[in-house]
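The values are calculated or read from the model by the stated rules, or taken from the named source; none is laboratory data. Just so you know, these numbers come straight off a predicted model, no measurement behind them. Positions of Cβ are backbone-derived with ideal geometry, glycine not excepted, and every protein chain shown enters the neighbour counts.
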């Protein structure tokens, strides 16, 4: 393994010595990591001469684009199905981790004042609970004044990795949700109204009295949205914080995760946030242009080494160093030129 890492380092070093003019790489997909990819792109252009052109078109769009080879890499919050990775000759690897949070618009309710168990949240989106002063909500919120107001669920209308993560959580905590709806980037919603993107969901909730929706934490934090506490696997109500996300991420079984698709949903731990997920890149194992593929790996290698501060400042969770090393090993062994030799 040490020899492989040394060869990889030499390959990256040789690539760094290439001409100083900026080389452009193209990617498309998930909206969740777009802010950190943009920040990394700004920094990497100055540091290593690689210019990133990233289009945040949603996880489904990113997977489709890389399968068609119209971009250098695809990006998805939902891990691609193993059979699609195999047939598409793609390597999947994570970049950062983040969390999905629930936002509300209830008169008089302050950020993180409302508490919601996961099964109750699923029942809201199944249309079984329709008023904010419902007895089950009141039971979880002693002392909180809940209005007699209709609940207005809002969901992502576009194919979304955020929806995959959120519905994976609902499927984990609610047998009824798992049986009737399930987990996917798009599902048949039983209640509420759809909106496109994080901004669409946030705007709809903001403009709807009684609204409830789900967005990535980074988006909620930067836009000062009203979030709620959720009950975790240990039975404790926790607020969405970076510390709670890190507690959940620390319990992930990376060592046994095929294609790096680790499950971070509803992890144990008294302080763990229950809706945490990694976001992923899909990169061709048989690149038509090995130089561009090498530039993609150089970009993310630079981000692994130098991008933690930017990621944390934008409310993302950096990967463990052991995972980064495992990804580098996969780059060296699985991304090959047409002649069957390592690109790096």
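When residues in segment 142-185 are screened for being under 28 Å from residue 279 (Cβ atoms) and not in a helix (DSSP H, G or I), 14 of them pass. In segment 220-243, the residue that is surrounded by the most Cβ atoms within 10 Å (Cβ to Cβ) out of those that are in contact (Cβ under 8 Å) with a residue 40 or more places away in the chain and over 13 Å from residue 112 (Cα atoms) is 232.
Considering segment 165-200, and only residues there that are at pLDDT below 95 and buried (at least 21 other Cβ atoms within 10 Å of the Cβ), the residue that is nearest to residue 280 (Cα to Cα) turns out to be 165. The condition (being modelled with pLDDT of 95 or more, assigned to a strand (DSSP E or B) and farther than 17 Å from residue 279 by Cβ) is satisfied by just one residue among 230, 225: 230.
Restricting to helices (runs of 4 or more DSSP H) lying wholly in segment 249-344: which have 3 or more residues that are surrounded by 20 or more Cβ atoms within 10 Å (Cβ to Cβ) and under 22 Å from the mean Cα position of the chain (by Cα)? The qualifying helices (runs of 4 or more DSSP H) are 290-306, 321-334. Cβ contacts < 6 Å: first residue in the same structural domain as residue 105 (by TED's automatic domain parsing), restricted to segment 188-211; second residue surrounded by fewer than 18 Cβ atoms within 10 Å (Cβ to Cβ) and at pLDDT 95 or above, any location; separation 6+ or different chain. Result? So the pair list comes out as 190/127; 191/127; 210/149; 210/150. Those helices (runs of 4 or more DSSP H) of segment 45-137 in which at least 1 residues are in contact with a helix residue (DSSP H, G or I) (Cβ under 8 Å, 6 or more places away or on another chain) and crowded, with 23+ Cβ neighbours inside 10 Å, considering only elements entirely within it, cover 59-67, 118-125.
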